[in-house]
Structure formats: structure tokens, C-alpha cells
Amino acid sequence: MSDFIASKEDDYSKWYLDIVQKAKLADYSPVKGCMVIMPYGYSIWSKIQSILDKKFKETGHENAYFPMLIPYGFLEKEKDHIDGFSPEFAIIKDAGGESLAEPLVLRPTSETIIWNMYSKWIKSYRDLPLKINQWANVIRWEKRTRPFLRTTEFLWQEGHTAHATEEEALEEALLILDVYKRFIEDYLAIPVFCGKKSEKEKFAGAVSTYSIEALMQDKKALQAATSHYLGLNFAKAFDVKFQDKEGKMKHVFASSWGVSTRLIGALIMVHSDEKGLILPPRIAPIEIIVIPIFKKEDEINKKILDHSDFVVQTLKKAEFRVEIDKDIRSSPGFRFSSAEFKGIPIRLEIGINDVLLNSVTILRRDKDKKFKYQISLDSLVSKVKVELDCMQKDLFKKALNFRALNTKEIFRSGKDSYDLFKAYLNDYSGFVLSCWCGGLNCENVIKNETKATIRCIPDDFKARDLTGMTCIYCSSRAKYFVLFAKSY
């Protein structure tokens with residue numbers, strides 16, 4: 001275990017913060033609750049952004065940008081929306097040395113200002129569907145913050161679409177949910193559950209909210225992404241109508257959806273260890289780090305450097321993301337630790353023996369050093385590719401196994417079963433799949449007694465038969481299989 005990073009078992013919160021700082025992902029801002037995303041942390045976000053942006057464009061979306069300042073009156077037009085966000089508003093009442101006639105809100109989300117603009121842009125069925133995404137920052141005045149997971153200001157993308165029919169808007173919300181799921185599982189190597197939120201937990205102003213839920217190593221759930229079917233709520237609030245093919249005026253149907261820099265927090269908490277960050281290869285800004293192991297003799301060092309440069313150029317020609325650490329002032333151990341802090345998937349060490357044998361020594365970040373071995377330069381490209389592919393799969397498999405071990409099914413009704421349910425959530429945590437009658441009272445009691453919420457009604461269990469099943473709390477007939485967990 002590294003002397004610089006706390007143990008996960010002893011202090012999970014400190015372990016997380018140590019990795020954020022030691023990997024140079026972020027630092028604290030002078031403004032309480034805000035963070036400065038450092039270059040390496042931002043490079044991970046840029047990688048996430050570039051992959052998702054391509055996927056959004058492939059599904060017919062365009063990027064735009066809307067102002068951060070929103071007239072307060074816009075938020076008042078959608079009552080559920082303002083009620084849901086009002087404790088988190090940051091409001092500007094004075095500017096330019098004068099009191100503003102109408103206060104401005106720093107956007108907590110952009111539905112209101114976007115739908116105000118849509119009312120100008122949408123007039124006919126020919127203007128639909130309108131599918132816009134923006135990459136932006138938002139402000140939510142949080143009382144308890146943690147870098148990447150919950151901060152006063154954070155980066156995200158938010159998609160906002162308008163459609164002629166309810167079917168199209170709902171299809172859009174579910175399409176994007178699937179895009180998110182595939183991205184999080186295929187690139188971030190994080191297994192997830194997808195499903196509909198309960199009425200209590202849905203987004204303020206939505207008809208229905210769908211979420212993606214992942215399990216962290218401390219056995220708490222993290223909401224990794226959301227997609228919302230908004231129905232006619234915002235169209236009616238901002239009077240967004242279109243003339244259909246028959247000449248009738250109709251309100252448009254809407255969806256909205258988003259992910260944020262919270263995904264970087266998920267990467268840390270799902271994969272990392274006491275040596276630092278572990279990044280899945282497909283999302284790593286640097287896939288391979290080459291570390292020359294220098295000697296005291298300059299002539300030998302020149303041979304090592306020449307060999308190292310050849311290795312780097314060979315890998316770059318094969319389109320790997322590779323860097324070299326030529327810091328001759330630092331020991332190999334220090335440079336190894338630095339690479340481990342950053343979670344770089346592959347480390348290639350090059351000493352004089354590697355030069356003489358025309359080889360490199362390879363080690364994967366997710367493996368112990370006893371798995372380190374030499375490979376010939378003749379097989380360098382193919383072997384590195386195999387190891388990167390295997391690491392991507394192994395990280396997903398490890399996370400999936402962890403989730404399976406920490407997902408408990410408790411279906412029987414009655415006091416003994418509910419006591420077991422409470423004990424598991426209070427003493428052990430993790431996901432608990434159980435049955436629910438759909439009643440708000442039961443949902444509230446369970447939250448009050450366990451601090452766990454309904455994360456979603458998971459799609460994975462829709463096919464299961466509910467015949468004879470009863471609510472875990474009240475023993476009434478069950479309407480849903482639901483996923484409970486404590487969460488961030």
C-alpha cells in the first residue's frame with residue numbers, strides 16, 4: 001500500500017480525495033464547494049466529451065450554446081421545476097452598480113431558457129424534430145460537496161429535444177439512455193442498471209425520469225446519467241406550438257438528458273486502488289507510458305534513450321496514445337509511482353538488458369508487479385493491443401463480479417423479511433432488489449429507516465413474474481421490482 005494514499009477500508013472518503021489530488025485530477029478553489037479541474041483531470045473529461053459528442057451527432061443531434069444567465073421569471077413558469085431546484089439557486093440581484101429590475105439565476109439546468117428560444121424557432125411540423133445538445137457548466141449551491149461527485153459548479157452536457165408526438169419524445173429519451181449505458185459499460189468499464197425512477201425521485205418538471213445506476217466500492221450507488229421524458233410541461237409553460245400537416249396548432253413533446261464530470265468520480269470509485277487511479281484503456285488519455293531506467297554512464301543512457309524513442313515512435317505509428325518519462329533526475333521508483341497515481345494502463349520499462357535483447361518490459365496497471373514480463377519488439381504492437389483489450393474486459397468483469405456479490409434479493413413479505421432488508425441496508429449496504437407496492441408512504445418509511453432510496457425500477461427485471469409478490473414494507477400486492485441503495 002502506498003504511503004501517500006489512505007486505505008479504502010480505513011477511510012474511504014480520504015482515499016478518494018487522496019487519489020483526486022495525487023493523480024492531479026483537481027484541486028480546491030478559493031470559492032467553497034468549487035473545484036479547479038487540473039490538466040490531467042480535464043484530459044479525461046475531454047476524452048469522455050469527444051466520444052459522447054460523436055455518438056450524439058451520429059443520432060442526429062447538433063451542438064449549440066445558451067446563456068448562463070436566466071431571468072428568474074422563466075423558472076416560475078414551470079412550478080414543479082422551480083420547486084425542485086429552489087434551494088440550489090444562485091441568484092444575481094445587483095449588476096453594474098445597480099439593482100436589477102428582474103433577478104437573474106445562474107443556470108442550474110437550461111430547460112427554461114432553451115424552451116423560451118424554442119418558442120421562437122418552432123412554428124411548423126417542418127421544424128421538428130429539433131435535437132440540440134450543449135456542453136456547458138451549471139451552478140447548484142450544494143451544502144455538502146466532494147470533487148467531481150457534487151460541487152457547486154460542474155461541467156456537463158445537456159440535450160434538449162422537441163418532437164411532434166409523444167411516441168417520438170419517449171423514444172428519444174430511451175434512445176439516449178441506451179447511448180449512455182453502452183458508453184459507460186463499453187468505455188468506462190462500469191456495469192450499470194437502467195430503469196425508470198419513482199415519482200418521488202424523478203426530475204423536477206418531468207413526466208418520467210430514467211436513470212443509470214452504478215455501484216461504487218464502498219457499496220453506495222451513484223447516479224451516472226439521467227434521461228427525461230418531459231411531455232408537454234415545458235411546451236405549455238413557454239407556449240411552444242407547431243402547425244401540423246392538417247393545419248392544426250399543437251404543443252410539442254420534449255425530452256432532456258445529461259451526464260456530468262461526476263463520471264470521473266465514478267471511474268475513481270469503481271476501479272482504483274491504494275496505489276492511485278486505474279483507468280480503463282478506452283478512456284485513458286495516455287494508454288502507455290514508456291519509462292527509461294537510467295544508469296550512471298552517459299553512453300549507456302544514450303542507448304537506452306534511443307531504444308525508448310524507437311519504441312515510442314513505433315507505438316505512435318500504430319496510433320496508440322503514448323508518452324515517455326525522460327526525467328533523469330528522479331528514481332525509477334518515483335516515476336513508477338507517478339504513472340500508477342495517474343492510472344496509465346500500460347507501463348513499458350526499458351533498461352540496458354531490454355536494449356541488448358531488443359525488448360521491453362511490460363506491466364499492466366491492474367496487475368501486480370509479479371506479472372511483469374519482457375516482450376520482443378517484433379511483437380510489441382500486437383502484444384500491447386492484446387493487453388489493453390484484456391485490461392478493458394478484466395476491469396468490467398471485476399466490477400460486474402463486485403456488483404453481483406453486493407446485490408441481494410429480498411422478496412418475502414412479513415416483519416422478519418423487512419427486518420432483514422433493513423439490517424442489510426444499514427449494516428452492509430449495496431444494492432437490494434425487492435418488491436414495492438408503488439405507494440409513497442412505503443417509499444418514505446423505507447428511506448427514513450434505512451437512508452436508502454429507490455434508485456430505479458430496473459429494466460433487467462421487467463420480465464420477472466410478480467404474481468404472488470408483495471411489498472417489502474406493507475405486504476400489499478407488489479407492482480414493481482425495484483432497486484434500493486444508499487447513494488451519493
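The values are calculated or read from the model by the stated rules, or taken from the named source; none is laboratory data. Values in this document were obtained by computation on a predicted structure and should not be read as measured data. Neighbour counts are summed over all protein chains in view; Cβ atoms, including those assigned to glycine, are modelled from backbone coordinates with ideal geometry. Quick note on the areas: whole protein, heavy atoms, side chains included, nothing else; ligands and nucleic acids left out. Shrake-Rupley method; radii C 1.70, N 1.55, O 1.52, S 1.80 Å.
With contacts taken as Cα pairs under 8 Å at a separation of at least 6 residues, region 129-189 carries a relative contact order of 32 percent. Ordering of 175-182, 29-36 by packing is 175-182, 29-36, highest average first (other Cβ atoms within 10 Å, averaged per residue). Rg then Dmax, both in Å and based on the Cα atoms of region 390-488: 14.2, 47.
Listed highest first by mean packing, meaning other Cβ atoms within 10 Å per residue, what order do 216-226, 318-328, 391-401 come in?
In descending order of packing, they fall as 216-226, 391-401, 318-328.
Filter LYS275/LYS302; LYS47/LYS241; LYS57/LYS196; LYS326/LYS385; LYS181/LYS236 down to the pairs with a C-alpha to C-alpha distance above 29 Å, please. Listed pairs above 29 Å: LYS275/LYS302; LYS47/LYS241; LYS181/LYS236. Between the residues ALA235, ALA221, LEU188, the greatest Cα displacement towards the positive end of the dipole of region 185-270, with unit charges on the Cβ of Lys, Arg, Asp and Glu, is found for ALA235.
All other residues whose Cβ lies under 13 angstrom from that of LEU305 are scored, Lys and Arg at +1 and Asp and Glu at -1, for a net of -4.
For region 225-306, the Kirkwood hydrodynamic radius from C-alpha pairs, put into Stokes-Einstein at 37 °C and a viscosity of 0.692 mPa s, yields a diffusion coefficient of 174 µm² per second.
What the Cβ-Cβ distance of TYR28 and TRP121 gives, at R0 = 56 Å and to the nearest 0.05, is a FRET efficiency of 0.85. Would you mind classifying region 313-389 by shape? Square roots of the alpha carbon gyration tensor eigenvalues, ordered a ≥ b ≥ c; an a/c under 1.5 is rounded, otherwise it is prolate if a/b is larger than b/c and oblate if not. The shape class here is rounded.
For the set LYS372/LYS393; LYS22/LYS143; LYS408/LYS479; LYS303/LYS369; LYS200/LYS397; LYS14/LYS486, the pairs lying more than 29 angstrom apart at their alpha carbons are LYS200/LYS397. The slack between LEU377 and TYR65, meaning 0.36 nm per residue of separation minus the straight C-alpha distance, is 107.5 nm.
In the chain, a dipole from Cβ-located charges (positive for Lys and Arg, negative for Asp and Glu) runs towards its positive end, and of SER7, VAL312, PHE253 it is SER7 whose Cα lies farthest in that direction. Looking at the chain, the pairs of alpha carbons with a distance over 38 Å make up 36% of the total.
Find the accessible area per residue for the chain; the probe is 1.4 Å, ligands and nucleic acids are left out, and the unit is Å².
Solvent-accessible surface per residue comes out at 46 Å².
Taking the Cα centre of region 340-488 as origin and assigning +1 to Lys and Arg Cβ atoms and -1 to Asp and Glu Cβ atoms, the resulting dipole is close to 140 debye. Separation of region 253-328 and region 122-183, taken as the distance between their Cα centroids, equals 31 angstrom.
For region 174-231, the square roots a ≥ b ≥ c of the C-alpha gyration tensor eigenvalues yield an a/c of 1.5 or more together with a/b not exceeding b/c, which makes the shape oblate.
Give, rounded to the nearest 20 debye, the magnitude of the charge dipole that region 318-374 has about its Cα centre when Lys and Arg contribute +1 at Cβ and Asp and Glu contribute -1 at Cβ. Rounded to the nearest 20 debye, it is 180 debye.
Compared with the dominant principal axis of the Cα atoms in the chain, helix 12-22 is inclined by about 60°.
Extension gain for LYS316 to PHE4 (0.36 nm times residue separation, less C-alpha to C-alpha distance): 109.1 nm. Principal-axis analysis of the Cα atoms of the chain puts helix 298-317 at an angle of about 40° to the longest axis.
For the chain, the longest principal axis of the Cα atoms and the long axis of helix 166-186 meet at an angle of about 20 degrees. Dividing the Cα radius of gyration of region 1-150 by its Kirkwood radius returns 1.06 for Rg/Rh. Comparing Cα centroids, region 1-58 and region 428-454 end up 31 angstrom apart. Once Rh for region 149-296 is found with the Kirkwood sum over Cα pairs, what is the Stokes-Einstein diffusion coefficient at 25 °C and 0.890 mPa s, in µm²/s? For the chosen part, D equals 139 µm²/s. Any idea what the dipole of the chain comes to, in debye rounded to 20, about its Cα centre with Lys/Arg Cβ at +1 and Asp/Glu Cβ at -1? Dipole size: approximately 480 debye. Taking a ≥ b ≥ c as the square roots of the eigenvalues of the Cα gyration tensor, an a/c ratio of 1.5 or more together with a/b larger than b/c marks region 343-437 as prolate.
For region 200-239, treating each Cα as an identical point scatterer without solvent, what Debye log10 I(q)/I(0) comes out at q = 0.14, 0.15, 0.29, 0.35 1/Å? These q points yield log10 I(q)/I(0) values of -0.42, -0.46, -0.94, -1.09.
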